[in-house]
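Below is one structure, written out as structure tokens; the observations come after it.
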Amino acid sequence: MIIRRPDDIPSSEITSEAHYLARREFIARAAGLGAAFVGATLLGACGTRDGAAAAARGGPDSAGATPLDDKPNSFEDVTSYNNYYEFGTDKADPKANSGSLRTRPWTVEVAGLVKSPGRVAIDDFLKPHRLEDRIYRHRCVEAWSMVIPWRGIPLRDVITRLEPLPSAKFVQFTTLLDPRQMPGQQRNVLDWPYTDALRLDEAMHPLAFLATGLYGKSLPNQNGAPLRLVVPWKYGFKGVKAIVKIAFLDRQPATTWNVAAPNEYGFYANVNPDVDHPRWTQSRERRIGEFRRRETLMFNGYASQVASLYQGMDLRRNF
Ligand code: MTE
């Protein structure tokens, strides 16, 4: 039986959307910039099909190119419409059912081709790092999207600290396996535990992020507490939740969705409007909270930052 527990975060601690946006606007004004420009800077890309270039240039044209509606989704949207099959396959299930997950004590295992493999308590794992706030676009492979204000640590800072060996070429992230806490794991919908991976150079890209929070607060369970991956230029399924293991490998590992349906979900999973999912188009998306569909942007709008990672690769074959 699944018992619902109230959210871990007392409502007094939750920053309301209006308050959060007002605070961002205040920071922008203090810095002599418009709020829209802050959006452009943090998102790195807005407006045109490859708006990243415009945003990177800075100046009034990039601010002007930023659609005003490219603002963070509400806390409610972000925390009540999720994929997290460990808690059910419906979008409302993660919020309703993830109360059974205990996120302290929590251990992260560092494994494989790295200077000091071992297990460490999450708070010790996080302690050397300063938390940052990042607003990123989020595009699910199912053709819906959101804009999410994450809090966390650049992945490359963690990797640099862990010191992978020169032979390490991939980083693999694995979710907790505990069917008592994660009732969805009692069913064979996926090959548990959930896992995905990045090439080491992708993981070292400054946009790749390990989130511990959103909207300035701790991560709600349904969003991947206590630690989850965020790779904003890739489809959302790369964003492994409730990470218990980070392994450095010399070859590309199997990944959950690629094993489940290899012709539908590739290892790279880069957002690409030119490569359709076998069962639907990827050229458009529904931003949660909007009625009209938007055009999907190459690399989710981060092309000017990340396209060089894939130079010379056939992105139709390596989808
Ligand atoms: N992580 C785990 N462990 N289990 C999952 O089912 N779903 C993925 C990803 N991470 C999933 C997961 C998918 S398909 C998406 S789109 C995102 O989580 C959605 O959740 P978010 O909106 O909180 O990022």
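The values are calculated or read from the model by the stated rules, or taken from the named source; none is laboratory data. Remember, predicted model here, so these are calculated numbers, not experimental data. Glycine gets a Cβ as well: all are built from the backbone with ideal geometry, and neighbour counts include every protein chain shown. All accessible areas refer to the heavy atoms of the entire protein, side chains included, with ligands and DNA or RNA removed. Shrake-Rupley method; radii C 1.70, N 1.55, O 1.52, S 1.80 Å.
Below are the figures for this structure:
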| quantity | calculated |
| --- | --- |
| First in the range 276-297 and touching a residue at least 24 places away in the same chain (Cβ under 8 Å), second anywhere and outside any loop (DSSP other than H, G, I, E, B) and among the aromatic types (Phe, Trp, Tyr), Cβ under 9 Å, 6 or more apart | GLN282/TYR235; GLU285/TRP144; ARG286/TRP144; ARG287/TRP144; ILE288/TRP144 |
| Test: residue in the range 155-163 that is over 17 Å from the mean Cα position of the chain (by Cα) and touching a residue at least 60 places away in the same chain (Cβ under 8 Å) | yes |
| Single condition ALA247 does not satisfy, out of (1) away from the ligand (no atom under 13 Å from the Cβ); (2) closer than 27 Å to ALA303 by Cα; (3) surrounded by fewer than 24 Cβ atoms within 10 Å (Cβ to Cβ) | (2) |
| Matching entry among LEU229, LEU190, LEU198 (being within 13 Å of the ligand (Cβ to nearest atom) and open to solvent by less than 10 Å² (accessible area, probe 1.4 Å)) | LEU229 |
| Residues within the range 166-187 that are within 23 Å of PHE248 (Cα to Cα), away from the ligand (no atom under 12 Å from the Cβ) and surrounded by fewer than 17 Cβ atoms within 10 Å (Cβ to Cβ), tallied | 3 |
| Residue within the range 258-276 that is open to solvent by less than 40 Å² (accessible area, probe 1.4 Å), away from the ligand (no atom under 13 Å from the Cβ) and over 16 Å from GLU202 (Cβ atoms) present | yes |
| Where TYR136 falls short, out of the listed (1) within 16 Å of the ligand (Cβ to nearest atom); (2) part of a loop (DSSP other than H, G, I, E, B) | (2) |
| Residue tally, condition closer than 30 Å to ARG293 by Cα and within 16 Å of the ligand (Cβ to nearest atom), over the range 108-133 | 0 |
| THR103 touching a Pro at 6+ places or on another chain (Cβ under 7 Å), part of a loop (DSSP other than H, G, I, E, B) and within 16 Å of the ligand (Cβ to nearest atom) | yes |
